[in-house]
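Undergrad: Mind having a look at this structure? Questions to follow.
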Amino acid sequence: MRKLPCFFALLVAGMIGAYAQPGSLQVAGEKHLANIKQLTFGGENAEAYFSFDGKQLIFQSKRDGNPCDRIYSMNIDGSNVRQVSNGEGRTTCSYFFKGGKKVLYASTHGGSRECPPPPDFSKYGYVWAVYPDYDIYTANPDGTNIQNLTHSPGYDAEATISPNGKKIVFTSDRSGDLELYSMDIDGKNVKQLTNEPGYDGGAFYSPDNKWIVYRGSHPTDPKLIQKDKDLLKLHLIVPLTFEVWIMKADGSGKRQITHLNAASFAPFFMPDGKRIIFCTNYFATDKSKRNFDLAMINIDGTGLERITYNESFDGFPMFSPNGKKLVFASNRHGAKEGDTNVFIADWVN
């Protein structure tokens, strides 16, 4: 955002939030967001993450009649959109390397060039598929020189890179459960970080590289634990209740941050390293509807504050390296129902 005196910036943002007009990208109450700009138009676009220099975004998108997600990059003004992944299999969770000479993403193309089938909701209810063909790959920014980093049977995905560019954190089921692991930037020195029953994933490092924030689902009822195990054998999970957790980068000092009993996910450290922004349906009156909002919370679990007020989906937030901009995915202003697009906004602290 532009440099303004703090009081004036807050006053202007409050006025914008309070008097947002119908059809505007801004929704009343969104006092922390200003100058919202839509970057994609149509299809399913999500998980847009900044390059280390803050000039580009890399994201996943299902568009142009493609049967499943592919990886794309673009400038932060939405220009120069180009496909990065090879168009085979299903892809997810992409990230730039520090220096911008490589990108990272997960893909199933090593198992099959075709898209894996979606899960059967009629049989198992609302579930997510954790496809066993997922491996983590690196490539040049133009998509060439694809290299497999994991070479491991089972699910390996959800990888992000530490701010110092030295470590990767990712989710894998190689132990028989969905746990978090770290590895060096070249794929060496793999270390398991979590070991609790249930799912751990969607992790990001703190700005000082010392902590990791992630989403966790850890049932304590033996029947629910067994249900999770049975579903995981079918490469499925039930994503109904997640809480936000943090731990030290070596896996010690685990601490649950939220206790919302809701689907809270996509956490990201805020620039000060003392707060976390995340996505949750905690504020939704009807949890069966896809109404997710962005919220922030202190790392001690206090100070929960709602950020977005759009009556559909807002998620996958990430701050620019300089902390001035926020990128997120949203259903707002879609050309048709179900469209998810990438938006960027100035952050008003």
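Undergrad: Quick one: CYS68 ticks every box in (1) in contact with a Lys or Arg (Cβ under 7 Å, 6 or more places away or on another chain); (2) over 26 Å from LEU178 (Cβ atoms); (3) in contact (Cβ under 8 Å) with a residue 40 or more places away in the chain; (4) not in a strand (DSSP E or B) except a single one, so which number is it?
TA: Going through (1) in contact with a Lys or Arg (Cβ under 7 Å, 6 or more places away or on another chain); (2) over 26 Å from LEU178 (Cβ atoms); (3) in contact (Cβ under 8 Å) with a residue 40 or more places away in the chain; (4) not in a strand (DSSP E or B) one by one, CYS68 breaks only (2).
Undergrad: Would segment 243-263 turn up any residue that is in a strand (DSSP E or B), among the acidic types (Asp, Glu) and farther than 14 Å from SER206 by Cα?
TA: yes
Undergrad: Identify, please: which residue in segment 81-120 is of a type in the set (Val, Ile, Thr) and in a loop (DSSP other than H, G, I, E, B) and is, among those, nearest to TYR137 (Cα to Cα)?
TA: THR108
Undergrad: Looking at (1) within 23 Å of THR40 (Cα to Cα); (2) touching a Ser or Thr at 6+ places or on another chain (Cβ under 6 Å); (3) of a type outside the set (Lys, Arg), which is the one condition that is false for ILE136?
TA: (1)
Undergrad: Could you check segment 25-43 and list, in sequence order, the residues that are surrounded by fewer than 17 Cβ atoms within 10 Å (Cβ to Cβ) and not in a loop (DSSP other than H, G, I, E, B)?
TA: ASN35, LYS37, GLN38
Undergrad: Looking at segment 152-175, which of its residues are farther than 16 Å from VAL103 by Cβ, over 18 Å from the mean Cα position of the chain (by Cα) and in contact (Cβ under 8 Å) with a residue 24 or more places away in the chain?
TA: ASN164, LYS166, ASP173
Undergrad: Take the residues in segment 264-288 that are hydrophobic (A, V, I, L, M, F, W, C), in a loop (DSSP other than H, G, I, E, B) and at pLDDT 95 or above, then tell me which one is surrounded by the fewest Cβ atoms within 10 Å (Cβ to Cβ).
TA: Step by step, filter segment 264-288, then rank; the result is PHE283.
Undergrad: Kindly indicate the residue of segment 124-143 that is among the β-branched types (Val, Ile, Thr) and in a strand (DSSP E or B) and also surrounded by the fewest Cβ atoms within 10 Å (Cβ to Cβ) among those meeting that condition.
TA: Checked segment 124-143; the qualifying residue surrounded by the fewest Cβ atoms within 10 Å (Cβ to Cβ) is THR138.
Undergrad: Given (1) within 17 Å of THR92 (Cα to Cα); (2) surrounded by fewer than 20 Cβ atoms within 10 Å (Cβ to Cβ); (3) within 19 Å of the chain's Cα centre (by Cα), identify the lone condition not met by ILE146.
TA: All conditions pass for ILE146, except number (3).
Undergrad: For residues that are over 17 Å from GLY315 (Cβ atoms) and either among the hydroxyl-bearing types (Ser, Thr, Tyr) or touching a Phe, Trp or Tyr at 6+ places or on another chain (Cβ under 8 Å) (or both), tally how many sit in segment 35-57.
TA: Of segment 35-57, the ones over 17 Å from GLY315 (Cβ atoms) are 35, 37, 41-42, 51-56.
If we keep only those that are either among the hydroxyl-bearing types (Ser, Thr, Tyr) or touching a Phe, Trp or Tyr at 6+ places or on another chain (Cβ under 8 Å) (or both) too, we end up with 37, 51-52, 56.
Here the count works out to 4.
Undergrad: Considering only residues that are closer than 17 Å to GLY110 by Cβ and of a type in the set (D, E, K, R), look in segment 153-179 and name the one that is surrounded by the fewest Cβ atoms within 10 Å (Cβ to Cβ).
TA: ARG174
The values are calculated or read from the model by the stated rules, or taken from the named source; none is laboratory data. As the structure is a prediction and not an experimental result, all values here were calculated from the model. Counting neighbours? That spans all protein chains shown, and the Cβs are built from the backbone with ideal geometry, glycine included.
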